[in-house]
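The values are calculated or read from the model by the stated rules, or taken from the named source; none is laboratory data. Bear in mind that the values here come from a model prediction, so they are computed numbers and not experimental data. All Cβ positions, glycine included, derive from the backbone under ideal geometry; neighbour counts span all protein chains shown.
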Amino acid sequence: MRALARPALMVAAFMAVGTLLRFTPGLHGLMADTALLRDGAWGRAVFLLVATLFCALGLPRQVVCFAAGVAYGPFAGVGFATAATVAGAVAGFSWARCVGRAAVRRWLSGRLGGRLARLDTLVAASPFATILTLRLLPVGSALMLNLLAGVSAAPARSFFLATLAGSLPQTIVFVLLGSGARIGHAWQVALAALLFAASAALGLWLMRRGGMTQGAARDMS
């Protein structure tokens, strides 16, 4: 449970930022001025391109989700954030599998040491379940998981579907935080906190059901 402390603090930090943006007049006006991002197909394309690159580089995708909530609201925001998250993950997976496989494996071996073989075995044995579980758990490095799956025997289809399903709960959480901060709907912020707790609980349940230890999740940090 201590592994969840840092993600919980991140949610609390985004809630605090949302409150600050909401109740600081100058900042609230700036947050409401998202016309450029919502300016037809061009604005949306720019957001998706930048957000996909942000996720592909392993930067915190929660920032993308929060920004999508601010700019597009809860429904379109979830769509844009999901598209960017999955596209960024697939880009990392594809690069590791098709371009830099040997270099990525050396880098992972240097970062993980003997833990690489354990994680590789888990992903190869149950690719969908392992990737889904690690995505649901709000710990670890998304970039490291993308690269690990790319150099493992995980089928691309399993990686895509597990990433889509496993990243969705956190996407909804942070989009709701962003949307709730912009329009002042406290219920969205409360729902986001509940969804965060529920998705973390589901990830822990799947981890225990699949015989995965918390150490496996921490190995991805």
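Name the one entry in Val11, Val17 that is out of contact with any strand residue (DSSP E or B) (no Cβ under 8 Å at 6 or more places or on another chain), assigned to a helix (DSSP H, G or I) and at pLDDT 65 or above.
After ruling out the rest, the residue left standing is Val11.
Filter region 83-127 down to the residues that are β-branched (Val, Ile, Thr) and surrounded by fewer than 21 Cβ atoms within 10 Å (Cβ to Cβ), then identify the one that is farthest from Val46 (Cα to Cα).
The qualifying residue farthest from Val46 (Cα to Cα) is Thr121.
Each row is one residue, and each column tells you yes or no for (1) in a helix (DSSP H, G or I); (2) closer than 30 Å to Ala102 by Cα; (3) among the basic types (Lys, Arg).
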{"residue": "Ala124", "(1), (2), (3)": "yes, yes, no"}
{"residue": "Leu145", "(1), (2), (3)": "yes, yes, no"}
{"residue": "Ala154", "(1), (2), (3)": "no, yes, no"}
{"residue": "Arg157", "(1), (2), (3)": "yes, yes, yes"}
{"residue": "Ala162", "(1), (2), (3)": "yes, yes, no"}
{"residue": "Gln170", "(1), (2), (3)": "yes, no, no"}
{"residue": "Ser179", "(1), (2), (3)": "yes, no, no"}
{"residue": "Trp187", "(1), (2), (3)": "yes, no, no"}
{"residue": "Phe196", "(1), (2), (3)": "yes, no, no"}
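Could you tell me how many of the residues in region 198-221 are farther than 14 Å from Leu132 by Cα and either modelled with pLDDT of 80 or more or part of a helix (DSSP H, G or I) (or both)?
Looking only at that region, the number is 5.
Among the candidates Leu137, Leu112, which residue alone is at pLDDT below 90 and either under 19 Å from the mean Cα position of the chain (by Cα) or more than 14 Å from Leu148 (Cβ to Cβ) (or both)?
The conditions single out Leu137.
In the list Ala71, Ala83, which residue meets the criterion of being assigned to a helix (DSSP H, G or I), modelled with pLDDT of 90 or more and hydrophobic (A, V, I, L, M, F, W, C)?
Answer to the selection: Ala83.
For every residue, the table says whether it meets (1) modelled with pLDDT under 90; (2) surrounded by 16 or more Cβ atoms within 10 Å (Cβ to Cβ); (3) within 19 Å of Pro60 (Cα to Cα).
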| residue | (1), (2), (3) |
| --- | --- |
| Ala129 | no, yes, no |
| Leu145 | no, yes, yes |
| Pro169 | no, yes, yes |
| Ser179 | yes, yes, yes |
| Ala190 | yes, no, no |
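Please count how many residues of region 59-100 are over 18 Å from Leu164 (Cβ atoms) and under 14 Å from the mean Cα position of the chain (by Cα).
Result for region 59-100: 5.
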